[in-house]
1. By accessible area of protein heavy atoms, probe 1.4 Å, what ranking do M175, M1 get, highest first?
2. Round to the nearest 10 and give me the degree value, 0 to 90, for the angle of helix 178-187's Cα axis relative to the longest principal axis of the chain.
3. Per residue of segment 12-29, in order, report the coupling 6.51 cos²θ - 1.76 cosθ + 1.60 (Karplus, θ = phi - 60°) as ³J(HN,Hα) in whole Hz, putting x for Gly and Pro.
4. Protein chains only, probe 1.4 Å: how do I158, I192, I277, I146 rank by accessible area, largest first?
5. Report the label-to-label distance for R208 and R3 in nanometres (one decimal), using points 7 Å from each Cα along the Cα→Cβ vector.
6. Starting from the Cα of C30, move 7 Å in the Cα-to-Cβ direction to define the label point; list residues of segment 207-237 whose amide nitrogen is under 15 Å from there.
7. If I stretch the segment between R315 and D267 completely, what's the gain in nm (0.36 nm per residue apart, minus their alpha carbon distance), one decimal?
8. Could you go through segment 206-212 in sequence order and give the Karplus-derived ³J(HN,Hα) for each residue, using 6.51 cos²θ - 1.76 cosθ + 1.60 with θ = phi - 60°, rounded to whole Hz, and x for Gly and Pro?
Amino acid sequence: MQRTMPYILRQLRALKRRLPPSHPQFALICQDEKNRSHGYNGEVAINFYLADLADDNDFFIYHGLRLPTNHSFFQMDTLILTRSFLLIIEIKALKGSIYFDPVFKQMIRTFNGKVDGFRDPIVQVKRQNDCLSRWRATHRFLQTPIEDFVTFSNPETILKTEPGNSIIPSKVCHMHQVPDRIQTFTRAPVKIRLTDLERDRFNDQLLRAHTPLIQNVLELYHLTAQDLITGVQCPSCRRIPMNRIHSAWHCSTCGHRSKDAHLALLDDYFLLVSNTITNREFRHWAHLSSPDLANDLLKKENLTRIGNCRSSSYRNPELL
(Lines give C-alpha, C1' and ligand atoms only; values in the text may rest on other atoms or scores of the structure.)
Protein backbone atom coordinates (compact mmCIF):
# COMPACT_ATOMS: atom_id res chain seq x y z
CA MET A 1 0.00 0.00 0.00
CA GLN A 2 1.71 3.15 -1.24
CA ARG A 3 1.88 6.24 0.95
CA THR A 4 -0.22 9.06 -0.46
CA MET A 5 -0.34 12.68 0.59
CA PRO A 6 -2.94 13.09 3.38
CA TYR A 7 -6.20 14.49 2.06
CA ILE A 8 -6.20 17.27 4.66
CA LEU A 9 -2.76 18.41 3.49
CA ARG A 10 -4.00 18.60 -0.09
CA GLN A 11 -6.98 20.60 1.15
CA LEU A 12 -4.76 23.03 3.06
CA ARG A 13 -2.60 23.60 -0.02
CA ALA A 14 -5.73 24.26 -2.05
CA LEU A 15 -6.88 26.73 0.61
CA LYS A 16 -3.56 28.59 0.36
CA ARG A 17 -4.17 28.96 -3.37
CA ARG A 18 -7.80 30.02 -3.02
CA LEU A 19 -7.91 32.20 0.09
CA PRO A 20 -6.88 35.87 -0.05
CA PRO A 21 -3.70 36.49 1.99
CA SER A 22 -5.56 39.27 3.79
CA HIS A 23 -8.13 36.83 5.20
CA PRO A 24 -7.95 36.47 9.03
CA GLN A 25 -7.57 32.69 8.77
CA PHE A 26 -4.83 32.74 6.14
CA ALA A 27 -1.85 32.82 8.57
CA LEU A 28 -3.27 29.94 10.64
CA ILE A 29 -3.88 27.84 7.52
CA CYS A 30 -0.31 28.48 6.30
CA GLN A 31 1.10 27.39 9.67
CA ASP A 32 -1.08 24.26 9.76
CA GLU A 33 -0.02 23.41 6.20
CA LYS A 34 3.64 23.85 7.16
CA ASN A 35 3.30 21.60 10.22
CA ARG A 36 1.49 18.87 8.30
CA SER A 37 4.02 19.08 5.46
CA HIS A 38 6.87 18.49 7.92
CA GLY A 39 5.03 15.50 9.34
CA TYR A 40 4.32 14.06 5.91
CA ASN A 41 7.92 14.54 4.79
CA GLY A 42 9.04 12.67 7.89
CA GLU A 43 6.70 9.80 7.06
CA VAL A 44 7.95 9.68 3.47
CA ALA A 45 11.55 9.50 4.70
CA ILE A 46 11.01 6.00 6.07
CA ASN A 47 10.48 4.66 2.53
CA PHE A 48 14.26 4.74 2.01
CA TYR A 49 14.85 2.50 5.04
CA LEU A 50 12.06 0.09 4.07
CA ALA A 51 13.10 -0.18 0.41
CA ASP A 52 14.65 -3.65 0.81
CA LEU A 53 11.57 -4.93 2.63
CA ALA A 54 9.26 -3.55 -0.06
CA ASP A 55 10.87 -5.95 -2.53
CA ASP A 56 10.53 -8.90 -0.14
CA ASN A 57 7.34 -10.92 -0.61
CA ASP A 58 7.40 -11.84 3.10
CA PHE A 59 6.68 -8.24 4.13
CA PHE A 60 3.43 -6.37 3.45
CA ILE A 61 3.84 -2.64 4.17
CA TYR A 62 0.98 -0.19 4.71
CA HIS A 63 1.25 3.58 5.08
CA GLY A 64 -1.42 5.74 6.72
CA LEU A 65 -3.78 2.81 7.32
CA ARG A 66 -6.97 3.95 9.10
CA LEU A 67 -9.21 1.26 10.55
CA PRO A 68 -12.57 1.32 12.38
CA THR A 69 -12.84 0.34 16.04
CA ASN A 70 -15.57 0.86 18.65
CA HIS A 71 -17.55 3.40 16.62
CA SER A 72 -14.37 5.36 15.93
CA PHE A 73 -11.13 4.97 13.96
CA PHE A 74 -7.41 4.60 14.62
CA GLN A 75 -4.61 5.38 12.18
CA MET A 76 -1.05 4.07 11.96
CA ASP A 77 1.80 5.87 10.21
CA THR A 78 3.32 2.58 9.03
CA LEU A 79 2.21 -1.01 9.59
CA ILE A 80 4.21 -4.07 8.55
CA LEU A 81 2.53 -7.46 8.25
CA THR A 82 4.57 -10.67 8.19
CA ARG A 83 3.65 -14.27 8.82
CA SER A 84 5.21 -14.16 12.32
CA PHE A 85 4.49 -10.63 13.61
CA LEU A 86 2.84 -7.26 13.05
CA LEU A 87 4.82 -4.06 13.53
CA ILE A 88 3.46 -0.54 14.08
CA ILE A 89 5.89 2.33 13.50
CA GLU A 90 4.97 5.81 14.73
CA ILE A 91 6.98 8.52 12.92
CA LYS A 92 7.93 11.90 14.35
CA ALA A 93 9.57 14.74 12.43
CA LEU A 94 10.38 17.04 15.34
CA LYS A 95 13.63 18.98 15.50
CA GLY A 96 15.62 20.01 18.54
CA SER A 97 16.17 18.26 21.84
CA ILE A 98 13.51 15.74 22.92
CA TYR A 99 13.13 14.70 26.55
CA PHE A 100 10.87 11.81 27.53
CA ASP A 101 9.42 12.39 31.00
CA PRO A 102 8.80 8.91 32.49
CA VAL A 103 6.81 10.29 35.43
CA PHE A 104 4.17 12.35 33.65
CA LYS A 105 4.32 10.38 30.38
CA GLN A 106 5.05 13.50 28.38
CA MET A 107 7.42 14.40 25.55
CA ILE A 108 9.12 17.78 25.96
CA ARG A 109 10.82 19.48 23.02
CA THR A 110 13.33 22.33 23.29
CA PHE A 111 14.03 24.11 20.02
CA ASN A 112 15.40 27.60 19.36
CA GLY A 113 15.00 28.49 23.02
CA LYS A 114 11.32 27.50 23.13
CA VAL A 115 9.97 24.63 25.23
CA ASP A 116 6.86 22.73 24.07
CA GLY A 117 5.03 19.77 25.55
CA PHE A 118 3.57 16.91 23.48
CA ARG A 119 1.69 13.71 24.11
CA ASP A 120 4.00 10.79 24.79
CA PRO A 121 4.26 8.96 21.42
CA ILE A 122 5.01 5.71 23.27
CA VAL A 123 1.56 5.92 24.86
CA GLN A 124 0.15 6.86 21.45
CA VAL A 125 1.62 3.84 19.64
CA LYS A 126 0.61 1.57 22.55
CA ARG A 127 -3.01 2.66 22.02
CA GLN A 128 -2.67 1.83 18.31
CA ASN A 129 -1.32 -1.57 19.32
CA ASP A 130 -4.35 -2.19 21.58
CA CYS A 131 -6.77 -1.05 18.86
CA LEU A 132 -5.14 -3.27 16.24
CA SER A 133 -5.26 -6.22 18.64
CA ARG A 134 -9.01 -5.73 19.17
CA TRP A 135 -9.60 -5.23 15.44
CA ARG A 136 -7.70 -8.43 14.67
CA ALA A 137 -9.63 -10.40 17.30
CA THR A 138 -12.93 -9.16 15.86
CA HIS A 139 -11.94 -10.59 12.48
CA ARG A 140 -10.67 -13.82 14.07
CA PHE A 141 -7.09 -13.81 12.86
CA LEU A 142 -4.35 -15.74 14.62
CA GLN A 143 -2.75 -13.83 17.51
CA THR A 144 0.80 -13.33 16.27
CA PRO A 145 2.83 -10.76 18.28
CA ILE A 146 2.16 -7.07 17.63
CA GLU A 147 5.33 -5.01 18.09
CA ASP A 148 5.61 -1.22 18.06
CA PHE A 149 8.12 1.59 18.37
CA VAL A 150 8.57 5.30 17.68
CA THR A 151 11.14 6.67 15.25
CA PHE A 152 12.41 10.20 14.58
CA SER A 153 13.13 11.13 10.97
CA ASN A 154 15.58 13.99 11.63
CA PRO A 155 19.04 12.55 12.41
CA GLU A 156 19.99 15.75 14.28
CA THR A 157 17.17 15.38 16.79
CA ILE A 158 18.61 14.74 20.27
CA LEU A 159 16.78 12.11 22.32
CA LYS A 160 16.99 12.20 26.13
CA THR A 161 15.43 10.60 29.19
CA GLU A 162 16.28 9.86 32.82
CA PRO A 163 19.37 7.68 33.45
CA GLY A 164 18.40 4.06 33.88
CA ASN A 165 15.10 4.42 32.04
CA SER A 166 15.40 1.39 29.74
CA ILE A 167 11.90 1.73 28.26
CA ILE A 168 12.79 4.72 26.08
CA PRO A 169 15.77 3.10 24.27
CA SER A 170 13.68 -0.01 23.64
CA LYS A 171 10.75 1.95 22.20
CA VAL A 172 12.37 4.99 20.53
CA CYS A 173 15.04 5.26 17.85
CA HIS A 174 16.36 7.39 15.01
CA MET A 175 15.14 6.37 11.57
CA HIS A 176 18.47 4.94 10.41
CA GLN A 177 18.06 2.30 13.14
CA VAL A 178 14.73 1.05 11.78
CA PRO A 179 16.14 -1.79 9.59
CA ASP A 180 18.08 -3.21 12.56
CA ARG A 181 14.98 -3.03 14.76
CA ILE A 182 12.98 -4.93 12.18
CA GLN A 183 15.70 -7.57 11.85
CA THR A 184 15.52 -8.11 15.62
CA PHE A 185 11.83 -8.96 15.37
CA THR A 186 12.43 -11.12 12.31
CA ARG A 187 15.04 -13.26 14.08
CA ALA A 188 13.00 -13.69 17.27
CA PRO A 189 11.57 -17.19 17.89
CA VAL A 190 7.82 -17.45 17.30
CA LYS A 191 5.11 -19.81 18.50
CA ILE A 192 2.45 -18.78 16.00
CA ARG A 193 2.99 -18.26 12.29
CA LEU A 194 0.44 -17.38 9.63
CA THR A 195 0.22 -19.46 6.50
CA ASP A 196 0.52 -17.64 3.19
CA LEU A 197 -3.24 -18.00 2.75
CA GLU A 198 -3.97 -16.54 6.20
CA ARG A 199 -1.57 -13.65 5.61
CA ASP A 200 -3.17 -12.91 2.23
CA ARG A 201 -6.62 -12.94 3.83
CA PHE A 202 -5.35 -10.58 6.53
CA ASN A 203 -3.95 -8.28 3.85
CA ASP A 204 -7.24 -8.25 1.93
CA GLN A 205 -9.21 -7.45 5.09
CA LEU A 206 -6.88 -4.57 6.02
CA LEU A 207 -7.22 -3.02 2.57
CA ARG A 208 -11.01 -3.39 2.58
CA ALA A 209 -11.31 -1.84 6.04
CA HIS A 210 -9.05 1.14 5.29
CA THR A 211 -11.16 4.33 5.55
CA PRO A 212 -9.34 7.57 4.64
CA LEU A 213 -10.39 10.61 6.65
CA ILE A 214 -12.29 13.17 4.55
CA GLN A 215 -13.06 16.42 6.37
CA ASN A 216 -15.05 19.51 5.43
CA VAL A 217 -12.08 21.85 5.56
CA LEU A 218 -14.20 24.99 5.12
CA GLU A 219 -16.18 24.17 8.26
CA LEU A 220 -12.94 23.32 10.05
CA TYR A 221 -11.70 26.90 9.56
CA HIS A 222 -15.15 28.56 9.72
CA LEU A 223 -15.08 29.49 6.03
CA THR A 224 -17.65 29.42 3.23
CA ALA A 225 -17.27 29.02 -0.53
CA GLN A 226 -17.79 32.78 -0.83
CA ASP A 227 -14.44 33.34 0.91
CA LEU A 228 -12.58 31.58 -1.90
CA ILE A 229 -10.97 33.08 -4.99
CA THR A 230 -12.47 31.73 -8.20
CA GLY A 231 -10.81 31.54 -11.61
CA VAL A 232 -8.29 29.31 -13.37
CA GLN A 233 -4.80 29.67 -11.94
CA CYS A 234 -1.82 30.13 -14.24
CA PRO A 235 0.50 27.11 -13.84
CA SER A 236 3.49 29.33 -14.67
CA CYS A 237 3.18 32.51 -12.58
CA ARG A 238 0.35 31.32 -10.26
CA ARG A 239 -1.81 34.38 -10.96
CA ILE A 240 -5.62 34.11 -11.06
CA PRO A 241 -7.59 34.25 -13.34
CA MET A 242 -6.63 33.01 -16.80
CA ASN A 243 -8.87 33.77 -19.78
CA ARG A 244 -10.25 31.23 -22.25
CA ILE A 245 -9.25 32.35 -25.76
CA HIS A 246 -9.24 30.23 -28.93
CA SER A 247 -9.46 26.80 -27.26
CA ALA A 248 -6.82 27.52 -24.62
CA TRP A 249 -6.28 29.33 -21.34
CA HIS A 250 -4.20 32.51 -21.57
CA CYS A 251 -2.51 34.39 -18.74
CA SER A 252 -2.61 38.16 -19.19
CA THR A 253 0.23 38.57 -16.66
CA CYS A 254 2.99 36.32 -18.03
CA GLY A 255 1.54 35.27 -21.40
CA HIS A 256 1.53 31.56 -20.58
CA ARG A 257 -0.85 29.41 -22.64
CA SER A 258 -2.37 26.13 -21.44
CA LYS A 259 -4.87 23.63 -22.79
CA ASP A 260 -5.73 22.04 -19.47
CA ALA A 261 -5.15 24.59 -16.68
CA HIS A 262 -8.79 24.10 -15.62
CA LEU A 263 -7.92 20.63 -14.29
CA ALA A 264 -6.23 22.16 -11.23
CA LEU A 265 -9.32 24.30 -10.69
CA LEU A 266 -11.53 21.20 -10.66
CA ASP A 267 -9.18 19.58 -8.17
CA ASP A 268 -9.38 22.62 -5.88
CA TYR A 269 -13.16 22.68 -6.15
CA PHE A 270 -13.50 18.99 -5.23
CA LEU A 271 -11.06 19.38 -2.35
CA LEU A 272 -12.70 22.45 -0.87
CA VAL A 273 -16.33 22.79 -1.89
CA SER A 274 -18.06 19.59 -2.96
CA ASN A 275 -17.41 16.20 -4.53
CA THR A 276 -19.85 17.08 -7.33
CA ILE A 277 -19.96 20.04 -9.70
CA THR A 278 -22.64 21.28 -12.08
CA ASN A 279 -22.22 23.12 -15.36
CA ARG A 280 -23.32 26.35 -13.69
CA GLU A 281 -20.90 25.92 -10.80
CA PHE A 282 -18.02 25.15 -13.17
CA ARG A 283 -18.79 28.24 -15.23
CA HIS A 284 -18.81 30.38 -12.08
CA TRP A 285 -15.48 29.00 -10.90
CA ALA A 286 -13.76 29.04 -14.31
CA HIS A 287 -15.22 32.44 -15.32
CA LEU A 288 -16.88 30.98 -18.42
CA SER A 289 -20.03 32.34 -20.03
CA SER A 290 -20.80 29.49 -22.45
CA PRO A 291 -22.70 26.45 -21.07
CA ASP A 292 -21.70 24.49 -24.18
CA LEU A 293 -17.99 25.17 -23.67
CA ALA A 294 -18.26 24.26 -19.99
CA ASN A 295 -20.06 21.05 -20.92
CA ASP A 296 -17.39 20.13 -23.48
CA LEU A 297 -14.57 20.66 -20.97
CA LEU A 298 -16.31 18.61 -18.27
CA LYS A 299 -17.11 15.76 -20.66
CA LYS A 300 -13.45 15.39 -21.62
CA GLU A 301 -12.37 14.64 -18.04
CA ASN A 302 -12.55 11.42 -16.04
CA LEU A 303 -15.71 12.46 -14.23
CA THR A 304 -18.82 10.42 -13.54
CA ARG A 305 -21.95 12.12 -14.84
CA ILE A 306 -25.02 11.99 -12.60
CA GLY A 307 -28.46 12.74 -14.07
CA ASN A 308 -29.03 14.27 -17.45
CA CYS A 309 -29.88 17.54 -19.17
CA ARG A 310 -29.96 20.62 -16.92
CA SER A 311 -30.04 18.68 -13.66
CA SER A 312 -26.84 16.76 -14.36
CA SER A 313 -23.71 17.07 -12.28
CA TYR A 314 -20.23 15.55 -12.40
CA ARG A 315 -18.75 13.56 -9.53
CA ASN A 316 -15.13 13.44 -8.45
CA PRO A 317 -14.00 9.86 -9.30
CA GLU A 318 -11.43 9.93 -6.51
CA LEU A 319 -14.18 9.80 -3.85
CA LEU A 320 -16.37 7.13 -5.44
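1. Details: M175 5, M1 70 Å².
Largest to smallest exposure gives the sequence M1, M175.
2. That helix lies at roughly 50 degrees to the long axis.
3. Per-residue couplings from phi come out as 5, 5, 5, 4, 4, 6, 10, 9, x, x, 7, 5, x, 8, 4, 5, 5, 5 Hz.
4. I158, I192, I146, I277
5. With each label placed 7 Å out from Cα toward Cβ, I get 2.8 nm.
6. none
7. Values: separation 48, 0.36 × 48 = 17.28 nm, distance 1.14 nm.
Full-extension gain reported as 16.1 nm.
8. Listing the rounded values in order: 4, 5, 5, 7, 4, 10, x Hz.
The values are calculated or read from the model by the stated rules, or taken from the named source; none is laboratory data. Just so it is clear, the model here is predicted, and its values are computed rather than measured. So basically every Cβ, Gly included, is an ideal-geometry build from the backbone, and we count neighbours across all protein chains shown. All accessible areas refer to the heavy atoms of the entire protein, side chains included, with ligands and DNA or RNA removed. Shrake-Rupley method; radii C 1.70, N 1.55, O 1.52, S 1.80 Å.
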